[in-house]
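Structure first, commentary second.
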Amino acid sequence: MRYYNNQVKKQITKAPTDIAVVNPNFIFQAPVLLIMEHHSIKKPKYVFKSVDGQVLFTGHSSFSKCVLYDRNNIPLINIRNNFEVYSGKDKKNGKLLIETVKKNSTVAKKFIIKYYNIVMERKEILDFNIESYFRSAGLFVGKEKENAPMIYKIMRMKSKTSHSEYTLEMTPGVDYIFLMALAIIYMSNYEQFKRHKNVRYR
């Protein structure tokens, strides 16, 4: 509980440099807040909405991947079951954009996110830490325990609907398609957690 409380109270701050992983055109210079819906049964599996309810992106899952589409039904990225992310609709014709490496931790579920930053023209890493019961997650430029800047926060909302809902709080200057890919990785880990623990949460 203490870890969760500390993470959700932490404010996001602007990244030291702009981060573009999919395309620099997906960078806003203002904060972005989206709502992610996760549907266990109906399709599409993921719906990303603005705070006023406008559908902006959808994620469609198959056996081995989830493809994120824009509102014109153009495939942007595909997230594989091993948490690698490629451009476009499939791995064969796409470019590897994101790799994840699991870290050992008893405090939270922690990952290193590896990517190539188009803006800075270099490979970079970020820390992606998920609260143990998947109520929240944060993306950090450095180590969370050393009070590194948090540039992205995911929080589960209380919902009376048949699907679960999450807020995605994004700092300015970071590729928001990259951040939505991490939200899908977060939910994929949550689904694995539920299967292994035989629990059911919204």
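The values are calculated or read from the model by the stated rules, or taken from the named source; none is laboratory data. If you're wondering where the values come from, they're calculated on a predicted model, not measured in any experiment. Don't worry about glycine lacking a Cβ; one is built from the backbone with ideal geometry, like all the others, and counts go over all protein chains shown.
Kindly indicate which of Val119, Val85, Val101 is buried (at least 17 other Cβ atoms within 10 Å of the Cβ) and either touching a strand residue (DSSP E or B) at 6+ places or on another chain (Cβ under 6 Å) or more than 19 Å from His38 (Cβ to Cβ) (or both). Quick ask: steps written out before the conclusion?
Details: Val119 fails: buried (at least 17 other Cβ atoms within 10 Å of the Cβ); Val101 fails: buried (at least 17 other Cβ atoms within 10 Å of the Cβ).
None of the other options fit; the residue is Val85.
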What number of residues within region 183-202 satisfy the criterion of being farther than 21 Å from Ile112 by Cβ and at pLDDT 90 or above? 0
Of the residues in region 154-195 that are within 9 Å of the chain's Cα centre (by Cα) and part of a strand (DSSP E or B), the one that is farthest from Ile35 (Cα to Cα) is Ile154
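Under 24 Å from Asn82 (Cβ atoms) and β-branched (Val, Ile, Thr) - does that describe any residue in region 157-164? Reasoning before the result, please.
First pass over region 157-164, keeping only residues under 24 Å from Asn82 (Cβ atoms): 164.
Filter once more, keeping what is β-branched (Val, Ile, Thr): none.
No, because not a single residue in region 157-164 is under 24 Å from Asn82 (Cβ atoms) and β-branched (Val, Ile, Thr).
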Being free of Cβ contacts under 8 Å to residues at least 12 places away in the same chain and in contact with a Lys or Arg (Cβ under 9 Å, 6 or more places away or on another chain) narrows it down to one residue among Lys91, Lys109, Lys123, Lys95; which is it? Lys123
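Residues Lys109, Lys95: which one is surrounded by fewer than 13 Cβ atoms within 10 Å (Cβ to Cβ), under 19 Å from the mean Cα position of the chain (by Cα) and under 23 Å from Asn82 (Cβ atoms)? Write out each step before concluding.
On the way: Lys109 fails: surrounded by fewer than 13 Cβ atoms within 10 Å (Cβ to Cβ).
The conditions single out Lys95.
Hey, among Lys114, Lys89, Lys103, Lys65, which residue is over 20 Å from Glu169 (Cα atoms) and under 14 Å from the mean Cα position of the chain (by Cα)? Even if it seems obvious, please write down each step before you answer.
Values: Lys89 fails: under 14 Å from the mean Cα position of the chain (by Cα); Lys103 fails: under 14 Å from the mean Cα position of the chain (by Cα); Lys65 fails: under 14 Å from the mean Cα position of the chain (by Cα).
After ruling out the rest, the residue left standing is Lys114.
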Can you tell me which condition Tyr186 does not meet? The list is (1) exposed (fewer than 14 other Cβ atoms within 10 Å of the Cβ); (2) free of Cβ contacts under 8 Å to residues at least 60 places away in the same chain; (3) more than 23 Å from Pro16 (Cα to Cα), and all the others hold. (1)
Residue count, region 83-106, condition out of contact with any Ser or Thr (no Cβ under 8 Å at 6 or more places or on another chain) and closer than 30 Å to Asn6 by Cα, comes to 10
Hey, Phe134 hydrophobic (A, V, I, L, M, F, W, C) and on the phi > 0 side of the Ramachandran plot or not: yes
Considering only residues of region 155-183 that are closer than 24 Å to Thr17 by Cα and among the β-branched types (Val, Ile, Thr), which is surrounded by the most Cβ atoms within 10 Å (Cβ to Cβ)? Val174
